Amino acid sequence: MSTQRSLLLQGPQGAFVVRDRPIPEPGPGEILVKIYAAALNPIDWKVRKYNVHLSSYPAILGLDGAGDVVKIGEGVSNFVPGDKVFFPGVYDSKGATWQQYALADAEFAAKIPSNISYDQATTIPTGLTTPYNAFYQGWGLTLPTKSAGGLGKYAGTPILVIGGSSAVGQFAIQLAKASGFSPIITTSSLKHTDHLKSFGATHILNRHNPLSTLAGDVAKITSTLPYAYDAVALPDAQQAVYDLLSDGGKLATVLPPRIPNSIRTKEGDGKVVHQVQAMRTIPGQEEKLAEGYRNWTEWLQTGLIKPQPLEVLPNGLNGIADGLQRLEDDKISGIKLVAHPWD
Ligand SMILES: NC(=O)c1ccc[n+]([C@@H]2O[C@H](COP(=O)([O-])OP(=O)(O)OC[C@H]3O[C@@H](n4cnc5c(N)ncnc54)[C@H](OP(=O)(O)O)[C@@H]3O)[C@@H](O)[C@H]2O)c1
């Protein structure tokens with residue numbers, strides 16, 4: 001067992017090919033994971049198309065993985081071989097997840113509880129981390145745990161989530177519910193209404209309505225809006241949501257803020273715009289993110305957080321290129337695409 005199959009991106013905008021590669025050895029603080037399920041994210045097609053985030057080629061992509069621990073590195077005390085885990089990948093040949101084995105940092109991995117499958121677990125890392133970092137790092141809210149005291153703490157505080165059916169949006173809604181926000185207003189295609197309500201949304205606004213109707217629709221539900229989470233972050237919508245915020249309100253966007261500086265710094269309104277990143281390698285975010293990973297097994301076990309719906313791609317690693325094209329073509333609605341590297 002010294003080689004494995006990996007999906008290699010050969011160059012900028014290049015083709016993907018499956019090749020044999022060495023299986024890495026875990027260093028101090030690392031675990032080696034045999035990956036049974038790996039997820040696709042929009043960033044994966046963006047790095048290929050725009051040649052960003054990758055320092056060399058061939059490159060291996062994939063930022064979410066779930067599987068079994070097969071080896072532990074020196075100093076690892078929270079896992080043993082045989083544990084089922086999910087973890088965030090990184091874009092390098094040892095840590096990316098579109099391959100059969102990858103290394104994970106033991107601090108940023110969590111055990112998969114018995115009610116969750118490998119496929120479901122791999123929907124969690126990027127999807128949950130992105131709003132988690134906004135809520136509990138950027139906005140500085142109290143974690144929704146008994147010990148921290150943040151469960152339901154923000155009862156009666158309204159929040160708007162743009163793009164509730166996106167992967168990131170589905171976890172933002174669930175965190176908002178865990179933290180007690182109410183009402184939880186979201187924009188989505190209306191076919192997702194029942195599902196998003198089951199995750200905690202209280203009001204679903206049709207995302208295909210003209211943006212000019214948003215303010216009126218939100219005003220019918222709440223007279224104040226202290227928090228907004230934009231999981232789509234189109235420039236026009238960012239501006240509209242920013243305008244909707246109450247004075248002192250906080251907006252988090254998944255893409256760089258496009259709101260003109262003159263408005264962002266408008267004297268007296270005190271509004272704050274954050275772009276919060278999922279990647280675990282962002283300096284300053286590690287400690288709170290590691291705390292998240294220490295809690296997520298229990299959150300999944302108790303149903304505080306549920307995985308999003310998913311579709312398993314055919315043809316293992318070879319099926320990923322078609323899945324990426326569907327993401328780029330905006331043909332994915334409400335689900336996470338998942339690949340099985342051993343198929
Ligand atoms: N900063 C970071 O670290 C970070 C991390 C993760 C993701 N992102 C970015 O966040 C964005 C979302 O990622 P994702 O994985 O959540 O995407 P995704 O699940 O693939 O997004 C697809 C969903 O977006 C919804 N959608 C598209 N346009 C919309 C609009 N105008 N209004 C409302 N909903 C809309 C669609 O909704 P319907 O089905 O309802 O039509 C669909 O369900 C991407 O741009 C991604 O690159 C950033």
Relative counts (whole %) of C-alpha pair distances in the range 1-139, using bins that are 5 Å wide
2, 11, 20, 21, 20, 15, 8, 3, 0, 0
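Using a Förster radius of 25 Å, what is the FRET efficiency between Leu151 and Gln277 based on their Cβ-Cβ separation? Nearest 0.05, please. Intermediate values should be presented prior to the final figure.
Details: r = 26 Å, r/R0 = 1.02.
Between Leu151 and Gln277 the formula returns 0.45.
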log₁₀ I(q)/I(0) of the chain at q = 0.10 Å⁻¹, via Debye over equal Cα point scatterers, no solvent, to two decimals?
-0.58
Hey, can you grab everything whose amide H is under 5 Å from the amide H of Ala110? Only 5+ residues off in sequence or another chain; H modelled, so Pro and N-termini drop out.
Phe86
Of the beta bridges DSSP finds with both residues in the chain, what % are antiparallel, to the nearest 5?
55
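Please compute the Kirkwood hydrodynamic radius over the range 42-92, one decimal place, Å, based on all pairs of different Cα atoms.
Value: 13.0 Å, from the Cα pair sum.
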Under 16 Å from the Cα of Lys250, which aspartates and glutamates turn up, not counting those fewer than eight places away in the same chain?
Asp230, Glu267, Asp269
Enumerate by residue number the trypsin sites (Lys or Arg not before Pro) in the range 255-343 meeting two conditions: DSSP loop (anything except H, G, I, E, B), and at most 16 other Cβ atoms within 10 Å of the site's Cβ.
Arg258, Lys266, Lys331
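Exposure proxy check: Ser6, Ser165, Ser56, Ser198 ranked by fewest other beta carbons within 10 Å? Kindly include the intermediate steps, with their values, before the conclusion.
On the way: Ser6 24, Ser165 29, Ser56 7, Ser198 11.
The fewest-first ordering by Cβ neighbours comes to Ser56, Ser198, Ser6, Ser165.
Where in the chain lies the longest segment free of GluC sites (Glu not before Pro) that are both loop residues by DSSP (not H, G, I, E, B) and have at most 14 other Cβ atoms within 10 Å?
Result for the longest clean stretch: 75-266.
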Once the convex hull of the C-alpha atoms of the range 128-275 is built, how many Å³ does it hold per residue, rounded to a whole number?
99
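Taking R0 as 51 Å, what FRET efficiency do you get between Thr3 and Thr302 from their Cβ-Cβ distance, rounded to the nearest 0.05? Working shown, then result.
Numbers: r = 40 Å, r/R0 = 0.79.
Once the sixth-power term is evaluated, E becomes 0.80.
So what is the relative contact order of the range 128-275, in percent, for Cα pairs below 8 Å that sit 6 or more residues apart?
Numbers: 290 pairs, mean separation 29.6, N = 148.
Here the relative contact order equals 20 percent.
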For the chain, modelled as a GNM with alpha-carbon contacts under 10 angstrom, which of Ile282, Ile221, Ile305 fluctuates the most?
Ile282
Here the relative contact order (percent) of the chain, from C-alpha pairs under 8 Å and at least 6 apart, is 18
Quick one: angle between helix 235-244 and the longest Cα principal axis of the chain, in degrees between 0 and 90, rounded to 10, please.
50
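Each value in this text was obtained by applying a stated rule to the coordinates, not by laboratory testing. These figures come from a predicted structure and were not determined experimentally. Cβ sites come from the backbone with ideal geometry, for glycine too, and all protein chains shown count toward neighbours.
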